[in-house]
Amino acid sequence: KTSLLNCITGYYKAQEGRILFNGKDISTLHTHKHIQHGIGRTFQNIELFPGMTVLANLLLARHLHCRYGLIAASLFSAKARDEEIRQRRLIEEIIDFLEIQAIRKKLVGSLPYGMRKRVELGRALALEPKLLVLDEPFAGMNLEEKEDMVRFLLELSESWGQTMILVEHDMSIVMSISKRIMVLNFGEKLAEGTPDEIQGNPDVVRAYLGDRDGEAAEPARAGGGR
């Protein structure tokens, strides 16, 4: 499932087949081109800059949207200052949404794991993605942190209209927040449908719980989308 996400986001190149996004073939594009087309992501293993502040990590994601060049930035011209203010306003909206006001100036490396996950989500949102790809965003979190993340993702879907692809092992979360689910088993698509359809699918039940003779099967992996 992570290999699939890496192909969608341009970190891997598929050996066969094509990946279409909004009608465009992005199969052979470099990673930064995927971002320019509007695909943002978070990682299974957090990929932030621990020696930089939360605010600096979020601002890094705005580089694609900055409207000034190197010279203007070096001189910190009026155009650069105005643009910096505009970018900071957008970042502050994300900070308020994720309720991380108190840690904006703290180094990422000093934060607890669950909060770093939240910051990584914020950096992905700062890209203004058309598609947000989330690779196990709940991994390693305690119950309270998971509840907060569920709340943020539901708000993104319902109020922000954000399209998301989610890979997650916690099936209670997948079933509760996904509109459509695809189940992978040993790298092959086992089933696809609504949460109710997936829960009642005998192939999925067999893959997760084993056959009637009591032989347990290797757990399948599920990805959800909103």
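Structural remarks
- Rounded to the nearest 0.05, the FRET efficiency derived from the C-beta distance between LEU60 and GLU158 at R0 = 45 Å is 0.95.
- Temperature 37 °C, viscosity 0.692 mPa s: under these conditions the Stokes-Einstein estimate for the chain, based on its Kirkwood radius over C-alpha pairs, is 171 µm² per second.
- Taking the three principal axes of the alpha carbon atoms in region 110-208, the coordinate ranges are 44, 27, 22 Å, sorted in descending order.
- Here region 68-133 has 57 percent of its accessible surface on carbon and sulfur atoms, given a 1.4 Å probe and all protein chains in place.
- 222 nm mean residue ellipticity, helices alone, for the chain (DSSP H n ≥ 4; -39,500 (n - 2.57); rounded to 500): -12500 deg cm²/dmol
- The count of lysine pairs in region 96-203 with alpha-carbon distances below 21 Å, taking only pairs 8 or more places apart or on different chains, stands at 7.
- The alpha-carbon atoms of region 78-132 define a convex hull whose volume equals 94 cubic angstrom per residue.
- Of all DSSP beta bridges confined to the chain, the antiparallel ones make up roughly 65%.
- Highest mean packing comes first when the peptides 11-19, 107-115, 130-138 are listed by Cβ atoms within 10 Å, giving 130-138, 107-115, 11-19.
- Fraction of alpha-carbon pairs over 12 Å apart in region 1-50 - percent: 63 percent
The values are calculated or read from the model by the stated rules, or taken from the named source; none is laboratory data. It should be emphasised that the depicted structure is a prediction, and the values quoted were computed from it without experimental measurement. All Cβ positions, glycine included, derive from the backbone under ideal geometry; neighbour counts span all protein chains shown. Quick note on the areas: whole protein, heavy atoms, side chains included, nothing else; ligands and nucleic acids left out. Shrake-Rupley method; radii C 1.70, N 1.55, O 1.52, S 1.80 Å.
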